[in-house]
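Q: Pasting a structure below so you can have a look.
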Amino acid sequence: QSLILESDRGPLVISGCAHPGITRIVQRAGKIIDRSPHLVLGGFHLGGTREEEINKVISELRDNSIDKLAPTHCTGEKAIETMRKEFQETFLEFGAGREILI
(Lines give C-alpha, C1' and ligand atoms only; values in the text may rest on other atoms or scores of the structure.)
Protein backbone atom coordinates (compact mmCIF):
# COMPACT_ATOMS: atom_id res chain seq x y z
CA GLN A 1 0.00 0.00 0.00
CA SER A 2 1.17 3.50 -0.79
CA LEU A 3 -0.33 6.92 -0.30
CA ILE A 4 0.07 10.18 -2.20
CA LEU A 5 -0.51 13.36 -0.20
CA GLU A 6 -0.44 16.91 -1.51
CA SER A 7 1.53 19.51 0.48
CA ASP A 8 2.60 23.12 0.01
CA ARG A 9 6.04 21.82 -1.02
CA GLY A 10 4.68 19.26 -3.44
CA PRO A 11 3.40 15.71 -3.40
CA LEU A 12 4.49 13.18 -0.79
CA VAL A 13 4.60 9.45 -1.42
CA ILE A 14 4.34 7.24 1.66
CA SER A 15 5.06 3.55 1.19
CA GLY A 16 4.04 0.88 3.70
CA CYS A 17 6.38 -1.79 2.38
CA ALA A 18 7.22 -1.41 -1.28
CA HIS A 19 6.75 -5.01 -2.43
CA PRO A 20 6.18 -3.96 -6.08
CA GLY A 21 9.40 -1.91 -5.93
CA ILE A 22 9.85 1.62 -4.63
CA THR A 23 10.87 2.91 -8.06
CA ARG A 24 7.73 1.45 -9.66
CA ILE A 25 5.65 3.13 -6.95
CA VAL A 26 7.40 6.48 -7.44
CA GLN A 27 7.04 6.26 -11.23
CA ARG A 28 3.34 5.39 -10.97
CA ALA A 29 2.76 8.20 -8.48
CA GLY A 30 4.52 10.61 -10.86
CA LYS A 31 2.11 9.63 -13.64
CA ILE A 32 -0.90 10.09 -11.36
CA ILE A 33 0.19 13.51 -10.09
CA ASP A 34 1.98 14.54 -13.29
CA ARG A 35 5.20 15.54 -11.50
CA SER A 36 7.93 14.18 -9.27
CA PRO A 37 7.25 13.73 -5.56
CA HIS A 38 8.81 16.17 -3.12
CA LEU A 39 9.28 13.44 -0.50
CA VAL A 40 9.32 9.64 -0.64
CA LEU A 41 8.99 8.10 2.80
CA GLY A 42 8.49 4.62 4.21
CA GLY A 43 9.54 1.04 3.74
CA PHE A 44 11.35 0.39 0.46
CA HIS A 45 11.50 -3.44 0.88
CA LEU A 46 15.26 -3.72 0.25
CA GLY A 47 16.33 -5.63 3.38
CA GLY A 48 18.73 -8.38 2.32
CA THR A 49 19.08 -6.94 -1.19
CA ARG A 50 22.47 -7.10 -2.93
CA GLU A 51 24.51 -3.92 -3.28
CA GLU A 52 24.13 -3.85 -7.07
CA GLU A 53 20.33 -3.78 -6.76
CA ILE A 54 20.47 -1.08 -4.05
CA ASN A 55 22.63 1.06 -6.33
CA LYS A 56 20.19 0.51 -9.21
CA VAL A 57 17.28 1.67 -7.00
CA ILE A 58 19.28 4.75 -5.92
CA SER A 59 20.00 5.60 -9.56
CA GLU A 60 16.32 5.21 -10.49
CA LEU A 61 15.22 7.37 -7.55
CA ARG A 62 17.67 10.08 -8.64
CA ASP A 63 16.25 9.87 -12.18
CA ASN A 64 12.82 10.70 -10.71
CA SER A 65 14.07 14.05 -9.28
CA ILE A 66 12.94 13.43 -5.71
CA ASP A 67 13.66 16.34 -3.35
CA LYS A 68 13.74 14.37 -0.07
CA LEU A 69 14.08 10.70 0.82
CA ALA A 70 13.19 9.05 4.16
CA PRO A 71 13.60 5.25 4.02
CA THR A 72 12.44 3.22 7.03
CA HIS A 73 12.06 -0.30 8.48
CA CYS A 74 11.99 -2.89 5.67
CA THR A 75 14.42 -0.85 3.57
CA GLY A 76 17.16 -2.60 5.52
CA GLU A 77 20.17 -1.16 7.35
CA LYS A 78 22.59 -1.65 4.43
CA ALA A 79 20.29 0.12 1.96
CA ILE A 80 19.49 2.92 4.43
CA GLU A 81 23.19 3.55 5.08
CA THR A 82 23.97 3.57 1.34
CA MET A 83 21.10 6.00 0.70
CA ARG A 84 22.26 8.21 3.60
CA LYS A 85 25.70 8.49 1.93
CA GLU A 86 24.33 8.96 -1.59
CA PHE A 87 21.54 11.45 -0.86
CA GLN A 88 23.33 13.35 1.97
CA GLU A 89 21.44 16.66 2.40
CA THR A 90 18.25 15.28 0.86
CA PHE A 91 18.22 12.22 3.17
CA LEU A 92 15.93 12.40 6.22
CA GLU A 93 16.29 10.20 9.30
CA PHE A 94 12.87 8.80 10.03
CA GLY A 95 11.16 6.15 12.12
CA ALA A 96 8.48 5.55 14.73
CA GLY A 97 7.77 8.65 16.80
CA ARG A 98 9.58 11.05 14.47
CA GLU A 99 7.86 14.05 12.94
CA ILE A 100 8.62 15.85 9.69
CA LEU A 101 7.46 19.41 9.18
CA ILE A 102 6.52 19.96 5.55
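Q: Which net charge results when you count Lys and Arg as +1 and Asp and Glu as -1 among the other residues whose beta-carbon is under 12 Å from that of A70?
A: My count for the surroundings of A70 gives 0.
Q: Rounded to the nearest whole Å², what accessible area per residue is found for the chain with the 1.4 Å probe? Mind showing how you got there, number by number?
A: Details: 6180 Å² over 102 residues.
I get 61 Å² per residue for this part.
Q: Let me ask something else about it. Give the angle, between 0 and 90 degrees and rounded to the nearest 10, that separates the Cα long axis of helix 22-33 from the longest principal axis of the Cα atoms of the chain.
A: Between helix and principal axis, roughly 10 degrees.
Q: Using label points projected 7 Å from each Cα along Cα→Cβ, tell me how many nm separate R50 and K31, to one decimal.
A: Taking the two extended label points, one gets 2.8 nm.
Q: How much of L41 can a 1.4 Å solvent probe reach, expressed as accessible area in Å² and rounded to 10?
A: Number for this one is 20 Å².
Q: Roughly how tilted is helix 77-87, in degrees to the nearest 10 and between 0 and 90, from the longest Cα axis of the chain?
A: 60 degrees
Q: To check you understand DSSP bridge types, tell me what percent of the beta bridges within the chain (both residues inside) are antiparallel, rounded to 5.
A: Details: 4 of 15 bridges.
Here the share of antiparallel DSSP bridges comes out near 25 percent.
Q: Identify the GluC sites (Glu not before Pro) of the stretch 20-102 meeting these criteria: DSSP loop state and at most 12 other C-beta atoms within 10 Å of the C-beta.
A: E93, E99
Q: Relative contact order of the chain, please, whole-number percent, based on alpha carbon pairs below 8 angstrom and at least 6 residues apart. Intermediate values should be presented prior to the final figure.
A: On the way: 165 pairs, mean separation 25.0, N = 102.
With pairs under 8 Å counted, the relative contact order is 25 percent.
Q: What stretch of the chain, leaving out the sites themselves, is the longest with no trypsin sites (Lys or Arg not before Pro) in a DSSP loop having at most 13 other Cβ atoms within 10 Å?
A: Working: sites that count: R9, R35, R50, R98.
For trypsin sites (Lys or Arg not before Pro) (loop position, at most 13 other Cβ atoms within 10 Å), the longest site-free span of the chain is 51-97.
The values are calculated or read from the model by the stated rules, or taken from the named source; none is laboratory data. Computed from a prediction, not measured in an experiment: that's the story for all the values here. Because the Cβ atoms are built from the backbone with ideal geometry, glycine has one as well, and the counts that use them run over all protein chains shown. Just so you know, the surface numbers come from the protein's heavy atoms only, side chains and all, with ligands and any DNA or RNA stripped out. Shrake-Rupley method; radii C 1.70, N 1.55, O 1.52, S 1.80 Å.
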